[in-house]
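The next block holds one structure in the form of structure tokens; read it before the comments.
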Amino acid sequence: MTGSGPDLLLLLTNAVYGTAYVAQREALADVPPGLLGFARLAVASLILWPFLRRPPGTRTEPGDSAKIFWMGTLGFGVAYVLSHFGLARSTATNGALLITMEPVSMMLLSPLVLGERLRRREGLGAVLVLFGAVLVVLNGVPGVTVALLPHWRGDALLVLSALAFASYSVLGRDVLRRWDARVVTARSILWGAASMLPVVAAEAAVGFRPRWTAQGTIATLYLAIVVTALAYLAWNAALARVTAPRAAIFINVQPVVGVALGIGFLGESATLYTLVGAALVLAGLAVTTTSRVSA
């Protein structure tokens, strides 16, 4: 995969991730948050089971297995718990907005952990994309927080989930330089499923039970198969070929897709801020994807 291939894959992957907020809200109406996270990861693990074995000749370094363990435990297990419990106490719109903490965290951590930085042109693109995403979701210029305050408990969990999601890519970027992306994805998802078991047991102990309606089941399977198994395969395949800060820019596509789905399928109205924000995102992505990929 060379040239614009990784950028296109990152764009498509984050467009898929952007559909997850609505699907998660649908699933959470029927399924407890911890069980939803476990179901997503368990089904995805079954799909990716054939890729668990590391191919002979894979170059490894000390600590690789530990990084994959923490990718699954923090980047999936902890992130899904925080995200699902946060969305149950907030809104899908706030969830889409607050995911912008993930690319910001990746851009800040990558120079310290990986020694990777954005080039000047990529930095300009990142600013345009981030501001455009915030503009779209807030439906205005940032600074007025009234819409966020009523859900502050859920929003705080969503911020922490974004930080946990960021750890997945920061930890995984180094391993993906040496390992097959399919193996890393399969193993990290399996560790994530295992880390969810205590949460599922705790929910069952206090009487949380799923209803498993047709709508909730379809939403759960979509999250497991498309958003978790297939999209993370694509994300890791692209992350193996681009720097983490550059990949982070594309995460800002998610809130724009979430708002677009609300307009197209839920009858929500588009405003001037929506159009300007979307234009900024597209402009920022254009600046980023036409810049030279940094090593």
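The values are calculated or read from the model by the stated rules, or taken from the named source; none is laboratory data. Just so you know, these numbers come straight off a predicted model, no measurement behind them. Note: ideal-geometry Cβ built from the backbone for every residue, glycine included; neighbour counts use all protein chains shown. These area figures cover heavy atoms from the full protein model, side chains too; ligands, DNA and RNA do not enter into them. Shrake-Rupley method; radii C 1.70, N 1.55, O 1.52, S 1.80 Å.
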Subject >> Hits in the range 160-171 (condition: more than 11 Å from Val113 (Cβ to Cβ) and open to solvent by less than 40 Å² (accessible area, probe 1.4 Å)) >> reply: Ser161, Ala162, Ala164, Phe165, Tyr168
**OP:** Quick one: count up the residues across the range 85-123 that are at pLDDT 75 or above and acidic (Asp, Glu).
**Re:** 2
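State yes or no: is Val22 within 16 Å of the chain's Cα centre (by Cα), over 25 Å from Val183 (Cα atoms) and open to solvent by 10 Å² or more (accessible area, probe 1.4 Å)?
yes
Among the residues of the range 43-54, is there at least one that is in a loop (DSSP other than H, G, I, E, B), open to solvent by 50 Å² or more (accessible area, probe 1.4 Å) and modelled with pLDDT of 85 or more?
Kept after step one, since they are in a loop (DSSP other than H, G, I, E, B), are these residues of the range 43-54: 52-54.
With open to solvent by 50 Å² or more (accessible area, probe 1.4 Å) added as a condition, the list becomes 53-54.
Next, only the ones that are modelled with pLDDT of 85 or more stay: 53-54.
Scanning the range 43-54 turns up at least one residue that is in a loop (DSSP other than H, G, I, E, B), open to solvent by 50 Å² or more (accessible area, probe 1.4 Å) and modelled with pLDDT of 85 or more.
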Subject >> Single residue of Ala181, Ala204, Ala219 found to be modelled with pLDDT of 90 or more and open to solvent by 30 Å² or more (accessible area, probe 1.4 Å) >> reply: Ala204
**OP:** Quickly run through the range 103-124 and pick out the residues that are part of a helix (DSSP H, G or I) and either of a type in the set (A, V, I, L, M, F, W, C) or under 17 Å from the mean Cα position of the chain (by Cα) (or both).
**Re:** Pro103, Val104, Ser105, Met106, Met107, Leu108, Leu109, Ser110, Leu112, Val113, Leu124
**OP:** Please work out which one of (1) under 18 Å from the mean Cα position of the chain (by Cα); (2) open to solvent by 50 Å² or more (accessible area, probe 1.4 Å); (3) at pLDDT below 85 is the condition Trp70 fails and give its number.
**Re:** (3)
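Out of all the residues in the range 25-42, which are part of a helix (DSSP H, G or I) and either open to solvent by 30 Å² or more (accessible area, probe 1.4 Å) or of a type in the set (A, V, I, L, M) (or both)? Spell out the reasoning first.
We begin by selecting, within the range 25-42, every residue part of a helix (DSSP H, G or I); these are 25-28, 33-42.
Within the range 25-42, Arg25, Glu26, Ala27, Leu28, Leu35, Leu36, Phe38, Ala39, Leu41, Ala42 meet the criteria.
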Original post:
Got a sec? Which of Gly3, Gly57 is at pLDDT below 85, more than 28 Å from Val256 (Cβ to Cβ) and either of a type in the set (Gly, Ala, Ser) or in a helix (DSSP H, G or I) (or both)?
Top reply: Gly57
